[in-house]
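Right, one structure below, let's go through it.
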Amino acid sequence: MNIKVQKWLGNILIIISLLGLTLIYYPVIKELVFPPHYTQQQKNEIGFSIDIPSLNVFSKVIENVDPFNQKEYIEKLKFGVAQAKGTSLPGERGTVYLFAHSSDVPWRITQYNTAFFKLEFVKNGETIILRRSGEVYKYKIYDRKTIWPSEISYLTKPQGNILILQTCTPLGTSFKRLLIFAKPI
């Protein structure tokens, strides 16, 4: 093969690779640059939802999802953030425990609810809003922890009157769990 043909083929392969990467990562970039916008009316129409204004995150919450039944929670997480079965609901005393995907492989990211993929950027003092049955519950973030998946005590033992958000970390893996802790305000 002569040098001109090799250069031409090399350039074509580079262009195809760049186009492929663009197609794969477009959903992630779109979510970061142009996140979905919900009107107040749309937010109020959903029976149970979570809103993290500082991250521009809003999602429906699916109640009573078994966090120990992978088949069940994988299916439910396609449609929203999950409220762990056996934990409290907003307005009740006890721990409200919500969990969701942080991501999936980039080419499937828009097929699943990945509401918590920006959760690692939330800071202490920021507000989380839960809406349920027409009531609004506000929480202020006060702590965060990164734990191993086997550390389930935060889920199985009452932690007090708090909200815990859980997702996988680092982004795109299920290596560890990121927990965000918030108190009612």
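The values are calculated or read from the model by the stated rules, or taken from the named source; none is laboratory data. The structure presented is a predicted model; accordingly, all values stated were derived computationally and were not measured. We place every Cβ from the backbone using ideal geometry, glycine too, and count neighbours over all the protein chains shown. We work out accessible area using only protein heavy atoms, side chains counted, and drop any ligands, DNA or RNA first. Shrake-Rupley method; radii C 1.70, N 1.55, O 1.52, S 1.80 Å.
Considering only LYS157, LYS60, LYS43, give the residue with the highest GNM mean-square fluctuation for the chain, with springs between Cα atoms whenever their separation is below 10 Å. Of the options given, LYS157 has the highest mean-square fluctuation. Solvent exposure of GLU45, expressed as accessible area, is near 130 Å², computed with a probe of 1.4 Å over the protein chains only. Once the Cα atoms are used to define both axes, helix 3-33 deviates from the longest principal axis of the chain by about 10 degrees.
For the chain, the relative contact order comes to 19 percent (Cα pairs under 8 Å, sequence separation of at least 6). Backbone phi angles across the stretch 152-160, fed through the Karplus curve with coefficients 6.51, -1.76 and 1.60 (θ = phi - 60°), yield HN-Hα couplings of 9, 4, 5, 8, 9, 10, x, 10, x Hz in residue order; Gly and Pro are listed as x.
Rounded to the nearest 20 debye, the dipole size of the chain about its Cα centre is 320 debye, using +1 on the Cβ of Lys and Arg and -1 on the Cβ of Asp and Glu. Taking 0.36 nm per residue of sequence separation and removing the Cα-Cα distance, the VAL5/GLU135 pair yields an extension gain of 40.1 nm. For VAL57, nonlocal amide neighbours, meaning residues 5 or more places apart or on other chains whose placed amide H falls under 5 Å from its own, are ILE52.
Taking a ≥ b ≥ c as the square roots of the Cα gyration tensor eigenvalues, the chain comes out prolate, since a/c reaches at least 1.5 and a/b is larger than b/c.
Accessible surface for LYS123 stands near 130 Å², nearest 10, in the context of the full protein assembly shown (1.4 Å probe). Less than 5 angstrom separates the built amide H of ILE162 from those of GLY94, THR95, VAL96, all sequence-distant by 5 or more or on a different chain. Accessible surface of the stretch 122-169, 1.4 Å probe: 48 percent of it comes from carbon and sulfur atoms.
Name all residues of the stretch 72-98 having a backbone nitrogen under 20 Å from the label point set 7 Å from the Cα of SER174 along its Cα→Cβ direction, giving them as ranges. Those under the cut-off are 72-85, 98. Compared with the alpha-carbon gap, the fully stretched path from LYS123 to THR146 is longer by 6.9 nm at 0.36 nm per residue. At R0 = 41 Å, how high is the FRET efficiency between LEU23 and ASN161 if r is their beta carbon distance? Nearest 0.05 is fine. Computed FRET efficiency for LEU23 and ASN161 comes out at 0.35. Once the Cα-Cα distance is subtracted from the 0.36 nm per residue extended length, the ASN69 to LYS183 segment shows a gain of 38.3 nm. Calculated mean residue ellipticity at 222 nm for the chain: -8000 deg cm²/dmol, from DSSP H runs with n ≥ 4 weighted as -39500 (n - 2.57), summed, divided by the residue count and rounded to 500.
Remark: the chain carries 60 Å² of accessible area per residue (probe radius 1.4 Å; ligands, DNA and RNA excluded). Taken one residue at a time, the phi angles of the stretch 63-75 give Karplus couplings (6.51, -1.76, 1.60, θ = phi - 60°) of 7, 6, 9, 6, x, 9, 10, 4, 4, 5, 6, 4, 5 Hz. Gly and Pro are set to x.
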